[in-house]
Each structure stands twice: as C-alpha cells, then as structure tokens.
Amino acid sequence: MNKQHKVLIANRGEIAVRIIQACRKLGLDFVCVHTAEDACSGHVSLALELGGEKSLYRISSYHDANELLSVADESGATAVHPGYGFFAEDFRFARRVTERGRPLVFLGPSWRVIRDLGDKINTKRLARSLGVPTVPGSDRPVYDELEAEKIARSLFDFQMQQGIARPLVLVKASAGGGGMGIEEVYDIDMFRQVYRRIRNYAMRQFKDEGVLIEQRIKDFNHLEVQVLSDRSGRHPVHFGTRNCSIQSTGRQKRLEVAPGFDPSSIHYDFDAKALLDEIVMHSLNMARKVGYDSVGTWEWIVTRDGHPFLMEVNTRIQVENGVSAAISRVKGKEVDLIAEQIRTGLGEPLGYTQDDITFHGVGVEYRIIAEDPDNGFAPWVGDIDRFSWEEHDWCRVHTHVPPVSKENPYTIPTEFDPNLALAIIWGKDLAEVSANGLAFLDKLRLEGHDGKGEALKSNVEFLKKKTERILRF
Amino acid sequence: MRDIAEVMEELKAAPYTEREVCAPHTGVLRFSDIEEGARVSGFTGTWKEIPGTHIATITREKNPCKVLAAERGVLQKLYRDLDGSFVEAGTPLGVIRHYLTRQEVVSKLLKESLYAFCAPERAKYYFVPDVDKKVKILGCRTVSIHDGMELFIVSRMKREAPLCYSGPAGIIYDVYFDQTKNVDAGSPLIVVCPPEQQSAVEDVVARVQSEWNEGE
C-alpha cells in the first residue's frame, strides 16, 4: 500500500477516534475536523496528540462538503473516510470526492454502488429481482397522502388474509435511518394521523417528506451480515452475522451480538444454522451482483418461524463492526475492519479468501449511552465527571469522552447522537461472554450532573438486564 | 412590568454593542477593499433582502461565500493580517461597533417587561404544526396561548418531544428562536402579553419609536 496517502476523517466522536487509530496502524497520515460544539471531544485531543496542530481544523458543520474538501486540499489529504452518518451514504458526495479537479479516494463503496444500494427503495427492487425475500410494502417514497392510505389499506388486507390477528403497518421516514422517524400503526384511522406526523418529522429533520409504508413484522430478530470486498468487487467475503435485536423503544440498537444465533447452546424453532447460511448466501450474491467494493452490512428481519426478509443494505462501516471483528480471525490473526476498509479502499487487494476467515467464540457490544430507559430512552444531557471501567484482555472500549474528573467534566453536546462509548466483550461461548459482560458493567462507573443538579441517567442497568437474554428468540 | 423610563435611561446611557465578525466557514479569506473606521450597514429591507456591507469573501472548494456586516455600525477593527490565508470557521475577522436600533430596544424592553417563556434545555425548538402555520401566515400576535397548551416540539439528538407552555394566558408578542439553531437553556423562546397589558405594551412601542434616536 502506498504509505504516502493522507486520510481526511470527515466525522467525529468515537468513529473518528477509531479511524485515527486505524490510520496509525497502517502507517498513514491523517487530518481531523471538529465543530465548535465538539472542541472537547476525545477525537480532537487524540488528533492533536498523534498528529499535532496541523492535523486538526475547525469547521462550521460536519455537513458542509465545501469546507471538508477545502480542508482536504489545504492539508494535502488524498483520501476521505466518511465514518458513519453524515456523508457516509451520500453517493453525490462520494462522486464529488472522486471526480473533482483534484480527485481524492473515497474510503467507502464507489458512488454507483452507494446509489444502487444505499437507498432502501433501490435495494428492495434489486433484491426482488434476485429472488431475495423483502418485507411487503412500498418500493419508493410516497409523497401523496391518498396513495399512502391506499398502500396501508392493502397491507392491512394482506395481513388479514394471512390470518394475522392484529395486523400492523410501519410508517418510516424514507430519508431516515438509525431507527429515527419510524412508527407503527394498528388501523387505518390511526394511520392518517401517524402518516402526517412522520411526514412533518421527516421534513424537519431530513428536509424530505417522503415516507415508506411497510408491513410491520412483529416478533422478529434483527440480523446483519458483515461483508467486505476490495476494489475489484469480484470476491466479497463475510465476517459472519450479528444479532441486533436488543433495541430501545425507538428501535435503536443498544446491544449487538455476534454470531447472529447460537444453535450450539440455544434451541430455536427453526434450523438456525441453515438460516444464517441462507442470509449470508443472499447477501454475498447481492454484493457480487452489484460489484460491491468496500465494507457493508446487509440487514435482515427473521421471523419466529425462521423466515428471513432483507430490510436494507448499509453501504458504510457500521457502529457495531467491532463485534464482528472480535469473533473473526484472518489466517489466524485478529482483524480490524476499519483498517481493512482503508487498506482495500486505497487499492490493495483483499489478500485472502473466505477459507482464510475463521470464527471463534461470541462477541457482545454494549452501546453505553446517557439516557433514561424508564422514560422512553430520553437522552440525558449534562456534565460527565466520572467515567471508568476495568481493563481486561476480553474487553475493548471505544469512546470519544476524554479523561474526566469533578474539576474537569465533559459536557455532552446536544447536537449529535447520544452514544458515549462502545464496549466490546468477548467470551469463548455464550455463557462466558455473558459473565464477562456483566462483570464489565458491574465495574463501570459513569457519573455526572445536569444543569438542575440531577444525577446522570444511563442505560447500564438496561444492558445488564438484557445480557441475560442475548440470542434467545 | 419594569419602569419603562428607567430601562430607556439605562439603554440611552449604553447604546452601543460591540459585535465580533467571525468567519462563518473554513476556507481562504480575502478582505474586500473596506478599511477600519468605515461605516457598514446590516441587512435591510422589508424582508431583510438587501445584503449588508461586504467585508470579506471566504472561498472553500471554489465556492465563494461573502462575509457581510450583519448590522449597521462602524467597523472598529479589521484583522488585515489574515488576508489571503486559510482560516477556520469561527476565526475573528473584525469588530463592529453597533448603535442599538429601535427594534432592538423594543425587543430588550419586551424581554424585560413581559412574561418570557424560556428554553428548559439546550435544544432546537419548533412550534407545533398548527401554531407554526398560523405564525408564518398571520404573525405571532394572532396566536393566543394558555397554561398547559402543547406549544413546542423540542428536538435534540434527533429525538423529539412535546413541550407545553406554562405561564399566563395571552398572545405571543414576539418570537426569539430560529428553528435551525440550538437555543441555550434559559434563553427566552417567546414573550407573552396578557390581554390586559396589550395597550400598555403598544404605548411602550410607540414611545420607543418616537424617543429612540437611531444614532450612527
């Protein structure tokens, strides 16, 4: 790999920290950006520590492509890593980065792939054309209320015909993601009200009032397949499956487990191994069909009777990539999927095949968040003045929260997602990873106060409770 | 209500504010031919459609962005040494000494004398859709509110929650938030005028219009 490359990290927080570390691992130079609200973030201090003042620029917004690219030019960056969120799945940005006067490498899939797969609707069309099962519902954003109502009616009727006692329809902001802007509806009268609410929400948050309407499948598990391919796009490999079913009430992931099911210790009402093989096969088939050329995640819904439906493809590195890496070995060695994404994105061939990838044990990722699970997971905002945990060889913590104390607290910015840290726990089997996870959470200390002097609220107890139920359907 | 004459005297004693002009973006800076000591104007016109004085241009990715004076005043400082350099967003470029306008004086008086409903936490605020529509089409003073009424949507970290108004019944006399920007905890969102105070408030506004001499 050409070590002369310099990577612009067009993101913030924990993922920016991990990209800096991956660049260091690969011997690459990097440059970071931050906004005024993020001046105290750990990614800022790490960039200064490892790269000096010239490796850090203040910008007005992480959403301003002009500024990001002017920083790239000023700093001499040759590649852009978008992280997740912001521009990660914006094919126009990826195209602009690679086709401008001074082209840069976009460390993600090629813009055509993002265009074809990054959109939930295009993905659904492609999947249907390949015989991959998808959730029944609209295959394009709906802007017209009458049309939306017609689709909802047909989905209610379809479920009634299938003998579903309590049919449900899901209304989603088409431009949304990460579980935001989704509500379920029980009848057509309620549908009108919810449709308008989601449409207004989508307009406010995403400036696009398009809405998707789908059958709401109850009682399901949310599985993912982690895919990686080099720039040839010809030989995608997978890094196993993940189970992301433990979510907040707003359907946002809180705890992820790899692999997706554990038939060796848990009984399922269906052939779990065959199901995992099936979703991996479908995911790789789709990846081959589009010439997928980076890391990506195929997201699946699996019903209690073992039927999989493809939900969407995330054409980026996921928050939870580390839990797949924790159980994977390439030719017997540990793997860092962010470093792999950068390495292959810069043009290196993958250098291994599926036969070289082996899986060991079980991994759990905890998303540690200041929020109130008893109050609809409302985000808690204030100052963190204690954040510590016990170090173990089976545990890795990724965070952008800098070292804090009573005298030097960290104020959580309200402008961004509320994730504070990711803890990745490994065990040789389900029993061991659960025990390790609980031991980690018991020793975790996360304290602080808000403006009214009230104590910090976090999801740690919620995570403890859920640890007892992981991978059970 | 605070004594209006007293507040007016305070404002007359200190009618200036000094406001920093900062780089709105990161990019290459070029000052216009303006000099220190020059008089500048802010956005004017019925809909603030006439731009303020051109102070500098920041070019990022070949896209020039003009830095314009946001208000009328005198350009007290200009950091010429930055000309031609790559500046980061937020870098101070100069200082404008600004004489308070009638509208600003009225706004300050209203904040001090009417009931201000403040942001309970740092977040973005929106009116609920029905109120939003009315405010945009007919103006905020056509909206009557009362204690317990669901009036706002609070948005932070992309999560939204309703917020009820608490305070005296009345009309929304003025709005102080911008839906695209975060409001700090404790900053006023609206001021509310009870029906019985409306004529008194209108008198105050009229008095400011006649008494406040817009200086420089």
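The values are calculated or read from the model by the stated rules, or taken from the named source; none is laboratory data. Since the structure is predicted, the reported quantities are computational estimates derived from the model, not experimental observations. Methodologically, a virtual Cβ is constructed for each residue, glycine included, from the backbone with ideal geometry; neighbour enumeration extends over all protein chains shown.
If we keep just the residues of segment A:50-66 that are outside any helix (DSSP H, G or I) and over 25 Å from the mean Cα position of the chain (by Cα), which is nearest to the other protein chains (Cβ to nearest Cβ)? Step through it out loud before you land on a result.
Of the residues in segment A:50-66, the ones outside any helix (DSSP H, G or I) are A:52, A:56-64.
Cutting the leftovers down to over 25 Å from the mean Cα position of the chain (by Cα) gives us A:52, A:56-58.
Numbers: A:52: 15, A:56: 9, A:57: 6, A:58: 4 Å.
Among residues in segment A:50-66 that are outside any helix (DSSP H, G or I) and over 25 Å from the mean Cα position of the chain (by Cα), the one nearest to the other protein chains (Cβ to nearest Cβ) is A:58.
Report, by residue number, each residue of segment B:147-173 that is surrounded by fewer than 16 Cβ atoms within 10 Å (Cβ to Cβ), of a type outside the set (A, V, I, L, M, F, W, C) and either in a strand (DSSP E or B) or without any contact (Cβ under 8 Å) to a residue 12 or more places away in the chain (or both).
Result: B:150, B:162.
Of all strands (runs of 3 or more DSSP E) completely enclosed by segment A:370-473, which ones contain at least 3 residues that are closer than 18 Å to residue A:320 by Cβ? Before the answer, list the steps.
Working: elements: A:383-388, A:395-399, A:419-427, A:445-449.
Counting at least 3 such residues, we get A:395-399, A:419-427.
Among the residues of segment A:349-378, which ones are closer than 24 Å to residue A:421 by Cβ and of a type in the set (Asp, Glu)? Outline the logic, then answer.
Narrowing segment A:349-378 to residues closer than 24 Å to residue A:421 by Cβ: A:361-378.
Selection gives A:365, A:371, A:372, A:374.
Just to be sure I understand, how many residues within segment B:179-197 are of a type outside the set (Val, Ile, Thr) and either surrounded by fewer than 12 Cβ atoms within 10 Å (Cβ to Cβ) or within 14 Å of chain A (Cβ to nearest Cβ) (or both)? Break it down stepwise before answering.
So in segment B:179-197, the residues of a type outside the set (Val, Ile, Thr) come out as B:179, B:181-182, B:184-189, B:193-197.
Checking the rest, the ones that are also either surrounded by fewer than 12 Cβ atoms within 10 Å (Cβ to Cβ) or within 14 Å of chain A (Cβ to nearest Cβ) (or both) come to B:179, B:181-182, B:184-187, B:195-196.
Residues meeting the conditions: 9.
Residues A:8, A:69: which one is touching a residue at least 24 places away in the same chain (Cβ under 8 Å) and either more than 14 Å from chain B (Cβ to nearest Cβ) or not in a helix (DSSP H, G or I) (or both)?
Numbers: A:69 fails: either more than 14 Å from chain B (Cβ to nearest Cβ) or not in a helix (DSSP H, G or I) (or both).
Criteria check complete, one pass: A:8.
Are there strands (runs of 3 or more DSSP E) fully within segment B:58-146 with at least 1 residues that are surrounded by fewer than 17 Cβ atoms within 10 Å (Cβ to Cβ) and within 14 Å of another protein chain (Cβ to nearest Cβ)? List them. Lay out the reasoning, then the answer.
Details: elements: B:63-68, B:73-78, B:92-99, B:115-118, B:124-127.
In segment B:58-146, B:63-68, B:92-99, B:115-118 are the strands (runs of 3 or more DSSP E) which contain 1 or more residues that are surrounded by fewer than 17 Cβ atoms within 10 Å (Cβ to Cβ) and within 14 Å of another protein chain (Cβ to nearest Cβ).
Could you tell me which residue of segment A:17-41 is surrounded by the most Cβ atoms within 10 Å (Cβ to Cβ), considering only residues that are of a type in the set (A, V, I, L, M) and more than 13 Å from chain B (Cβ to nearest Cβ)? Explain how you work it out, then say what you get.
Applying the first criterion (of a type in the set (A, V, I, L, M)) to segment A:17-41 yields A:17, A:19-20, A:22, A:26, A:28, A:31, A:33, A:36, A:39.
Narrowing the set further to residues that are more than 13 Å from chain B (Cβ to nearest Cβ) leaves A:17, A:19-20, A:22, A:26, A:28.
Working: A:17: 23, A:19: 27, A:20: 25, A:22: 24, A:26: 20, A:28: 22.
For segment A:17-41, the residue satisfying everything is A:19.
So residue A:281 fits all but one of (1) outside any loop (DSSP other than H, G, I, E, B); (2) over 24 Å from residue A:316 (Cα atoms); what number is the exception?
(2)
Which is within 14 Å of another protein chain (Cβ to nearest Cβ), within 22 Å of residue A:35 (Cβ to Cβ), over 22 Å from the mean Cα position of the chain (by Cα) and not polar (S, T, N, Q), of A:383, A:417? Break it down stepwise before answering.
Details: A:417 fails: over 22 Å from the mean Cα position of the chain (by Cα).
Sole residue among the options that is within 14 Å of another protein chain (Cβ to nearest Cβ), within 22 Å of residue A:35 (Cβ to Cβ), over 22 Å from the mean Cα position of the chain (by Cα) and not polar (S, T, N, Q): A:383.
Only one of these conditions is not met by residue A:122: (1) without any contact (Cβ under 8 Å) to a residue 12 or more places away in the chain; (2) within 14 Å of another protein chain (Cβ to nearest Cβ); (3) closer than 30 Å to residue A:346 by Cβ. Which number is it?
The number of the failed condition is (2).
Can you pull out the residues in segment A:21-42 that are in a helix (DSSP H, G or I) and more than 22 Å from residue B:23 (Cβ to Cβ)?
Initial filter on segment A:21-42 (in a helix (DSSP H, G or I)): A:21-26, A:36-38, A:42.
Scanning segment A:21-42 gives A:21, A:22, A:23, A:24, A:25, A:26, A:42.
In segment A:440-453, what count of residues is obtained for those that are touching a residue at least 40 places away in the same chain (Cβ under 8 Å) and surrounded by fewer than 17 Cβ atoms within 10 Å (Cβ to Cβ)? Quick ask: steps written out before the conclusion?
First, pick out the residues of segment A:440-453 that are touching a residue at least 40 places away in the same chain (Cβ under 8 Å): A:440-441, A:443-451.
Pick out the ones that are also surrounded by fewer than 17 Cβ atoms within 10 Å (Cβ to Cβ) and you get A:443, A:445, A:447, A:449, A:451.
Residues flagged as touching a residue at least 40 places away in the same chain (Cβ under 8 Å) and surrounded by fewer than 17 Cβ atoms within 10 Å (Cβ to Cβ) within segment A:440-453 amount to 5.
Looking at B:90, B:94, can you tell me which residue is within 21 Å of the chain's Cα centre (by Cα), at pLDDT 95 or above and more than 30 Å from residue A:102 (Cβ to Cβ)?
Values: B:90 fails: more than 30 Å from residue A:102 (Cβ to Cβ).
Answer to the selection: B:94.
Determine whether residue A:170 is within 24 Å of the chain's Cα centre (by Cα) and either in the same structural domain as residue A:377 (by TED's automatic domain parsing) or among the hydroxyl-bearing types (Ser, Thr, Tyr) (or both). If you could, list the steps in order and put the result at the bottom.
Working: within 24 Å of the chain's Cα centre (by Cα): yes; either in the same structural domain as residue A:377 (by TED's automatic domain parsing) or among the hydroxyl-bearing types (Ser, Thr, Tyr) (or both): no.
No.
List pairs: first in segment B:77-103 and in contact (Cβ under 8 Å) with a residue 24 or more places away in the chain, second β-branched (Val, Ile, Thr) and assigned to a helix (DSSP H, G or I), Cβ under 6 Å, 6+ apart or cross-chain?
B:102/B:208
Among the residues of segment A:427-458, how many are within 14 Å of another protein chain (Cβ to nearest Cβ) and touching a helix residue (DSSP H, G or I) at 6+ places or on another chain (Cβ under 9 Å)? It would help to see each step written out before you state the result.
Within segment A:427-458, the first condition is being within 14 Å of another protein chain (Cβ to nearest Cβ), and the residues that meet it are A:449-454, A:457.
Okay, now just the ones that are also touching a helix residue (DSSP H, G or I) at 6+ places or on another chain (Cβ under 9 Å), so A:457.
Total satisfying the criteria: 1.
In the list A:312, A:365, A:299, which residue meets the criterion of being surrounded by 24 or more Cβ atoms within 10 Å (Cβ to Cβ), touching an Asp or Glu at 6+ places or on another chain (Cβ under 6 Å) and not in a helix (DSSP H, G or I)? Before you say what the answer is, go through the steps one by one.
Details: A:312 fails: surrounded by 24 or more Cβ atoms within 10 Å (Cβ to Cβ); A:299 fails: surrounded by 24 or more Cβ atoms within 10 Å (Cβ to Cβ).
It is A:365.
Does residue A:14 count as in a helix (DSSP H, G or I), more than 14 Å from every other protein chain (Cβ to nearest Cβ), among the acidic types (Asp, Glu) and under 26 Å from residue A:113 (Cβ atoms)?
Working: in a helix (DSSP H, G or I): yes; more than 14 Å from every other protein chain (Cβ to nearest Cβ): yes; among the acidic types (Asp, Glu): yes; under 26 Å from residue A:113 (Cβ atoms): yes.
Here the answer is yes, as residue A:14 does meet what is asked.
Whether any residue in segment A:19-37 is among the polar types (S, T, N, Q), under 30 Å from residue A:385 (Cα atoms) and not assigned by TED's automatic domain parsing to the domain that holds residue A:317 is what I want to check.
Taking segment A:19-37 and keeping what is among the polar types (S, T, N, Q), we get A:21, A:35.
Of the ones still in play, those that are also under 30 Å from residue A:385 (Cα atoms) are A:21, A:35.
Next cut, not assigned by TED's automatic domain parsing to the domain that holds residue A:317 only: A:21, A:35.
Yes, the conditions are met somewhere in segment A:19-37.
Looking at segment B:120-138, I want the residues that are within 26 Å of residue A:452 (Cα to Cα) and have a partner that is part of a helix (DSSP H, G or I) with Cβ atoms under 8 Å, at least 6 apart or on another chain. Which pairs are those?
B:126/A:204; B:126/B:132; B:127/B:135
Can you report the number of residues in segment A:454-469 which are modelled with pLDDT under 95 and farther than 25 Å from residue A:412 by Cα? Before the answer, list the steps.
Of all residues in segment A:454-469, those modelled with pLDDT under 95 come to A:454, A:468-469.
Filter once more, keeping what is farther than 25 Å from residue A:412 by Cα: A:468-469.
Of the residues in that region, 2 qualify.
Whether any residue in segment A:172-182 is assigned to a helix (DSSP H, G or I), within 30 Å of residue A:229 (Cβ to Cβ) and within 14 Å of chain B (Cβ to nearest Cβ) is what I want to check.
Residues of segment A:172-182 that are assigned to a helix (DSSP H, G or I), as a first pass: none.
Checked against the condition, which is being assigned to a helix (DSSP H, G or I), within 30 Å of residue A:229 (Cβ to Cβ) and within 14 Å of chain B (Cβ to nearest Cβ), segment A:172-182 yields no hits at all.
Run down A:235, A:267 and say which single residue is without any contact (Cβ under 8 Å) to a residue 24 or more places away in the chain, away from every other protein chain (no Cβ under 14 Å) and over 26 Å from residue A:460 (Cβ atoms).
Numbers: A:235 fails: without any contact (Cβ under 8 Å) to a residue 24 or more places away in the chain.
Every option except A:267 fails the conditions.
Determine whether segment B:28-48 contains at least one residue that is within 14 Å of chain A (Cβ to nearest Cβ) and among the hydroxyl-bearing types (Ser, Thr, Tyr).
no
A quick yes/no check of all residues on (1) surrounded by fewer than 21 Cβ atoms within 10 Å (Cβ to Cβ); (2) touching a residue at least 24 places away in the same chain (Cβ under 8 Å); (3) out of contact with any Pro (no Cβ under 7 Å at 6 or more places or on another chain):
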residue	(1), (2), (3)
A:211	no, yes, no
A:221	no, yes, yes
A:224	no, yes, yes
A:231	yes, yes, yes
A:244	no, yes, yes
A:249	yes, yes, yes
A:271	yes, yes, yes
